[in-house]
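Have a look at the structure below before the remarks.
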Amino acid sequence: MTQFRVRPISSAVRALLATVMTAAFCLALAVSTTATASASAADLFNSAQGRFAAGDTRGALADIGGAVAGEPGDTNALALQAIYADAAGDLITRETALARLGAMDGGMRAGVDGMLNAIRIASFTPPNPLPAIQGPSTAIIVLGFGLLPDGAMRPELINRLQAALVQSWASPMSPIIVTGGNPQNGITEAAAMQGWLQSHGVPAQRIHPEHRAGSTVGNALNSVPLARSLGAGGAIIVTSANHIRRATVDFNVAGLPVVGAMSAITSAGQLIAEVMPLTKDQQLGMYRDAIRVFGIPAGY
């Protein structure tokens, strides 16, 4: 029987194997780096926006961090990094991003600070069913709700209008803005609300309709300049209890301080259901809206 004896690998062969393995590792690293670099700052910015919209806060924060690394002077990316970090509870990243943003654009830094503060306050402020007492420099702004196909109002919108009517009695000199587009059967939400208020004794000259808004963001962006044109420096927002916090944030970020917020609450159970502070997950809708109102582009 023939016996084979394994000879030890020579030092020259070992050196050759080490060289080959090192080269392979370097090649793999180069390929990986190239693949990473191929994701531009714009790609990462857009991906971050998509992830945040889908509720993936951590993924969004990672992508926007890559965008900031690729374009360190992009103030939009820095603002989003601070906002996403706040939503994720990453205070170190938030403060670092805010400091860098402040060094580049103090006004934008102040705006982001104001946005995050508005979200914090709204998250811990329960809905209030009581009217606020204000003068003519404060506008009452009633937010619309989807109409039925024939243009009739749903009970949700009628509840808001009943609250608005009470608010109009408490602040009899305040102008009233009704905001909402989304026409059904040729009738906008604002037109339906205007007709209801007039039929319940509110003078026509006191009501100012805004017919274009298709969302809470649109309510804020379209109503704020209208309110200012009427001489109003603040707003009382009237909407549903489960909507009031997000609406309050949007109007504050749009530049019209909310000095009162009356919720259309139809039962004690509804008030109890909305009284607890919002969790970070529950706040995500406020962050998304506020980013749009603030004017950060949805993508590059």
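Points to keep in mind about this one:
- Within the range 146-170, tally of residues that are touching a Gly at 6+ places or on another chain (Cβ under 7 Å) and within 19 Å of Ile237 (Cα to Cα): 1
- Pair list, Cβ under 6 Å, 6 or more apart: the range 61-82 residue over 8 Å from Ala41 (Cβ atoms), other residue of a type in the set (Asp, Glu): Thr75/Asp105
- Per the listing Leu116, Leu165, Leu161, Leu143, the residue uniquely in contact (Cβ under 8 Å) with a residue 12 or more places away in the chain, touching an Asp or Glu at 6+ places or on another chain (Cβ under 7 Å) and surrounded by 15 or more Cβ atoms within 10 Å (Cβ to Cβ) is Leu116.
- Qualifying position, being open to solvent by 10 Å² or more (accessible area, probe 1.4 Å), among the small types (Gly, Ala, Ser) and under 14 Å from the mean Cα position of the chain (by Cα), among Ala298, Ala247, Ala204: Ala298
- If you go through the range 179-196 and keep only what is hydrophobic (A, V, I, L, M, F, W, C) and either open to solvent by 10 Å² or more (accessible area, probe 1.4 Å) or touching a Leu at 6+ places or on another chain (Cβ under 7 Å) (or both), you end up with Ile187, Ala191, Ala192, Met193, Trp196.
- Hey, Met286 assigned to a helix (DSSP H, G or I), among the hydrophobic types (A, V, I, L, M, F, W, C), open to solvent by less than 20 Å² (accessible area, probe 1.4 Å) and closer than 18 Å to Glu156 by Cβ or not: no
- Only one entry of Ala235, Ala227 meets the criterion of being at pLDDT 95 or above, buried (at least 16 other Cβ atoms within 10 Å of the Cβ) and in a helix (DSSP H, G or I), and that entry is Ala227.
- The residues on offer are Ser174, Ser199, and the sole one that is open to solvent by less than 10 Å² (accessible area, probe 1.4 Å) and of a type in the set (S, T, N, Q) is Ser174.
- Within the range 214-223, the set of residues being under 16 Å from the mean Cα position of the chain (by Cα), surrounded by 19 or more Cβ atoms within 10 Å (Cβ to Cβ) and either hydroxyl-bearing (Ser, Thr, Tyr) or not in a helix (DSSP H, G or I) (or both) comprises just one member, Thr216.
The values are calculated or read from the model by the stated rules, or taken from the named source; none is laboratory data. Small disclaimer: the values here were computed from a predicted structure and weren't measured. Virtual Cβ from ideal backbone geometry, glycine too; neighbours counted across all protein chains shown. To get the accessible areas, we keep the full protein, side chains included, count just its heavy atoms, and leave off ligands, DNA and RNA. Shrake-Rupley method; radii C 1.70, N 1.55, O 1.52, S 1.80 Å.
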